[in-house]
Amino acid sequence: MSNSDSSPQPVITQTPPVPPVPDTTPQPRHHIQRLLYTLILFCLFGIAGALGYYYWQLTHPKPEESAVLAAIPTPTPTPIQLHQGIGSYSISHGKTNGPLISKVVFNPLDVRQNQPLMLSVQFRSDTTVSSVTGTLQTDSSQTGLTFTKTSETGGLQVWSADLTVTDTLWYTYIVTIKAVNTTGVTTVTVAPRS
C-alpha cells in the first residue's frame, strides 16, 4: 500500500445545530392586559357574591329578628291636651262677600264620646243670612251640623248647634262651618285636634 493511502484523513466534525433561544424579553403590553382581565374577573365575582349574599339576607330573615319585629306594637301618639270648659277661637280672614265670621265657641272644648257639645258661631252680615251649616270630623266619623240663630245684637249674630258626640276625639277633632248670605259664602275650619 502506498504511503498515500495511509495518510491520515482529516476528520470533519460538524457541530450539532443549536436550537434557537426563545425570546424571553417580557412584553409588557400582554402582561398588563392579562392582569387587567384577571382583576376585572375577580371584581365581577366579588360583586356577584356580595349581591347574592345581600339577596339571600333579604329573603331569609333570621327567625329571632322576625319574632322581635312582630312583637313590637305600633306606637300611638299622645293626644293634644285640651283645657276644660269653654273654648273660644277668634277667626280672622281676608275680605269676603259672605258673613264675616269672628268667633267659634266650643262648650265644652274637652268634650268626650257620648257627651253633649254646643257649638256657637259669631259673625256680622250686611245682608240676610240664609243658612249656617257645618261638619264635625272625629276619629272615625263625620257628623253634619245645622245651626240656628240664637241672638242678634247690634249687627252681631250668634248661631248655635247642639249635638251629642258619638265618636272619640282623641286625634281628630275638626269643625268646618259654612255661612251663607245673599251676597256670598264664608267657610272656616277650626281644628282643636288634627
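Annotations for the structure displayed:
- Any hit, segment 93-103, residues being surrounded by 13 or more Cβ atoms within 10 Å (Cβ to Cβ) and of a type in the set (Gly, Ala, Ser): yes
- Scanning segment 65-111 for residues that are modelled with pLDDT of 85 or more, of a type in the set (D, E, K, R) and not in a loop (DSSP other than H, G, I, E, B) yields a single hit, Lys103.
Matching residues to (1) in contact (Cβ under 8 Å) with a residue 60 or more places away in the chain; (2) surrounded by 18 or more Cβ atoms within 10 Å (Cβ to Cβ):
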position	(1), (2)
Ser125	no, yes
Gln137	no, yes
Leu156	no, no
Thr166	no, no
Val175	yes, yes
Thr186	yes, yes
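- Test result for Leu119, at pLDDT 95 or above, touching a His at 6+ places or on another chain (Cβ under 9 Å) and surrounded by 17 or more Cβ atoms within 10 Å (Cβ to Cβ): no
- Candidate set: segment 139-154, residues that are part of a loop (DSSP other than H, G, I, E, B) and within 44 Å of the chain's Cα centre (by Cα); chosen: the one surrounded by the most Cβ atoms within 10 Å (Cβ to Cβ): Phe147
- Some residue of segment 172-183 being at pLDDT below 95 and not polar (S, T, N, Q): no
- Listed by first and then second residue, the pairs with beta-carbon distance under 6 Å, at least 6 apart or on different chains, first residue in segment 72-87 and under 18 Å from Leu117 (Cα atoms), second aliphatic (A, V, I, L, M) and assigned to a loop (DSSP other than H, G, I, E, B), are Leu82/Leu109; Gly87/Leu109.
- Summed over segment 156-191, the residues that are farther than 13 Å from Gln137 by Cα, aromatic (Phe, Trp, Tyr) and not in a strand (DSSP E or B) give a count of 0.
The values are calculated or read from the model by the stated rules, or taken from the named source; none is laboratory data. Quantities reported herein were computed from a predicted structural model and do not represent experimental measurements. Here the Cβ is made from the backbone with ideal geometry for all residues, glycine too, and neighbour counts use every protein chain on show.
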